[in-house]
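Some notes on the structure that comes next.
The values are calculated or read from the model by the stated rules, or taken from the named source; none is laboratory data. Keep in mind it's a predicted model, so treat the numbers as computed, not measured. We place every Cβ from the backbone using ideal geometry, glycine too, and count neighbours over all the protein chains shown.
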Amino acid sequence: MIDIIFHLLFLFLIITAFFMVFTKDLSNSVITLPLFGAILVIIFVILQAPGVALAAAIMTAGLTTAFFVITINKTEYGRNE
């Protein structure tokens, strides 16, 4: 049963990664980034690596997303919309 969940999570991880890379709108890509991080955290918890999961959650969901949002707002892309 855990193998099925594990494989589904990897499938969702790949789908979100492709969506982040191939979407035309930059803000959609930035919004998808925390979802990617959350799926990655769940995979790390299943693999019994809670320290890595905590670090990934802090970096992906918190810092990286905040930096991307600030950067988009300060560039030309954020001002045109």
Q. Hey, any hits in segment 16-27 for a residue that's exposed (fewer than 11 other Cβ atoms within 10 Å of the Cβ) and either touching a helix residue (DSSP H, G or I) at 6+ places or on another chain (Cβ under 8 Å) or at positive phi (or both)?
A. yes
Note on segment 32-62: residues more than 8 Å from the chain's Cα centre (by Cα) and of a type in the set (V, I, T) are V41, I42, I43, V45, I46, V52, I58
Reported set for segment 29-81 where residues are modelled with pLDDT under 85, polar (S, T, N, Q) and in contact with a Phe, Trp or Tyr (Cβ under 8 Å, 6 or more places away or on another chain) is S29, T60
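A quick yes/no check of all residues on (1) part of a helix (DSSP H, G or I); (2) of a type outside the set (V, I, T):
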position: F10; (1), (2): yes, yes
position: T16; (1), (2): yes, no
position: V21; (1), (2): yes, no
position: K24; (1), (2): no, yes
position: P34; (1), (2): yes, yes
position: I39; (1), (2): yes, no
position: F44; (1), (2): yes, yes
position: G51; (1), (2): yes, yes
In the set L63, L33, the lone residue that is of a type outside the set (D, E, K, R) and either closer than 25 Å to L8 by Cβ or surrounded by 15 or more Cβ atoms within 10 Å (Cβ to Cβ) (or both) is L33
Per the filter on segment 1-27, residues polar (S, T, N, Q) and modelled with pLDDT of 85 or more are T16, T23
Residue set T64, T23, T71; condition in contact (Cβ under 8 Å) with a residue 12 or more places away in the chain and either in contact with a His (Cβ under 9 Å, 6 or more places away or on another chain) or not hydrophobic (A, V, I, L, M, F, W, C) (or both); output residue T64
